[in-house]
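What follows is a single structure, written as structure tokens, with notes after it.
The values are calculated or read from the model by the stated rules, or taken from the named source; none is laboratory data. Everything numeric here is computed off the predicted structure, so don't read it as measured data. Don't worry about glycine lacking a Cβ; one is built from the backbone with ideal geometry, like all the others, and counts go over all protein chains shown.
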Amino acid sequence: MNIPSQFLLSNLLKLNARCSNGIDHGIGTTAWMYPPVHRLLGWASRPSKLSLKRSVWRLDQIKAITDKDLFVKGVPAESDQATINRFPTLLEASLLSKQSEKIANIADLVFDTKTGNIIYYLVARSNPKLPGTSRWRFDLDKIIDQQPGCVFSTLETLDELPLVKSSIKEDFLKRSKEIRENVLEFSNIANERLEGWLDENQFDNPINTNDNWVDDYSNNRINDDEYYNSSDYERSKNVFNNGEDPWI
């Protein structure tokens, strides 16, 4: 099979390295890279689970790639895991923002299979070893400086990066945010239409003073005589004339 021009490192490490003699040298365990120039040089595989030996392959030894196997030419260099652990790498390094705050971890990378040049990194918010975690694309031009175990970037937050692979949690949060925004937009539109409808009715249907429901008291003058009884008035007058105190 033809070798793709670009390949994901995690997919490369899942394949069994098989030499021209048909010997299975096991799946990949560690990437061999040169961080100062962001280049992948090769990888190491484990021939046996019971052995501490590791087979180190160069990237230019790849002949073909299938769904399960990685066919290589030549023989590998023999090493051990303790030596391989001292290889410089940016994988699992902390990604720092402008304020030197940790915002993610470098989890994976995409490389050019001919030159080994790293095209971009993939970063994860949580532990990159956990399956199903989200991945964001982190381009090389956003790197300010790098040191063993950390990479300084021009980012303020992780949301500035494009999302390449989303987890179930990330999908749920994204959809919930979209639903909230849609509900808020619908509510604003409904309020605007209601206010417009009320304004139109106010100017189109002004209050008519000739309507029957408007009370008119112009002809209904209050007659004081109707509210006072003449006999009561005369009785009160006699009481005052007799010198009696009306409050006793």
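Values as computed for the structure displayed
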quantity	calculated
Residue ID - nearest to Ile65 (Cα to Cα), chosen from residues in the stretch 1-47 that are of a type in the set (Gly, Ala, Ser) and in contact with an Asp or Glu (Cβ under 9 Å, 6 or more places away or on another chain)	Ala17
Search result, residues across the stretch 86-106 that are part of a loop (DSSP other than H, G, I, E, B) and hydroxyl-bearing (Ser, Thr, Tyr)	Thr89, Ser97, Ser100
The listed residue being of a type in the set (A, V, I, L, M), surrounded by fewer than 16 Cβ atoms within 10 Å (Cβ to Cβ), within 21 Å of Leu91 (Cβ to Cβ) and over 34 Å from the mean Cα position of the chain (by Cα), out of Ala44, Ala77	Ala77
Positions within the stretch 123-154 being in contact (Cβ under 8 Å) with a residue 60 or more places away in the chain and under 22 Å from the mean Cα position of the chain (by Cα), in sequence order	Leu140, Val151
Of residues in the stretch 1-26 being of a type in the set (A, V, I, L, M) and touching a Ser or Thr at 6+ places or on another chain (Cβ under 6 Å), the one farthest from Leu130 (Cα to Cα)	Met1
Strands (runs of 3 or more DSSP E) contained entirely in the stretch 1-85, each with at least 3 residues that are of a type in the set (Lys, Arg) and at pLDDT 90 or above	53-58
Given (1) within 35 Å of the chain's Cα centre (by Cα); (2) within 24 Å of Lys129 (Cα to Cα), number of the condition Lys49 does not satisfy	(1)
The listed residue being exposed (fewer than 13 other Cβ atoms within 10 Å of the Cβ) and in contact (Cβ under 8 Å) with a residue 40 or more places away in the chain, out of Pro35, Pro88	Pro88
Evaluation of Ala104 against (1) farther than 29 Å from Thr133 by Cβ; (2) in the same structural domain as Glu160 (by TED's automatic domain parsing) (one fails), failing number	(1)
Count of the stretch 7-31 residues which are over 18 Å from Lys63 (Cβ atoms), surrounded by fewer than 20 Cβ atoms within 10 Å (Cβ to Cβ) and among the hydrophobic types (A, V, I, L, M, F, W, C)	1
Failed criterion for Lys49 (all others in (1) surrounded by 12 or more Cβ atoms within 10 Å (Cβ to Cβ); (2) in the same structural domain as Asn16 (by TED's automatic domain parsing); (3) not hydrophobic (A, V, I, L, M, F, W, C) hold)	(1)
Residue within the stretch 23-32 that is small (Gly, Ala, Ser) and over 23 Å from Ala104 (Cβ atoms) present	yes
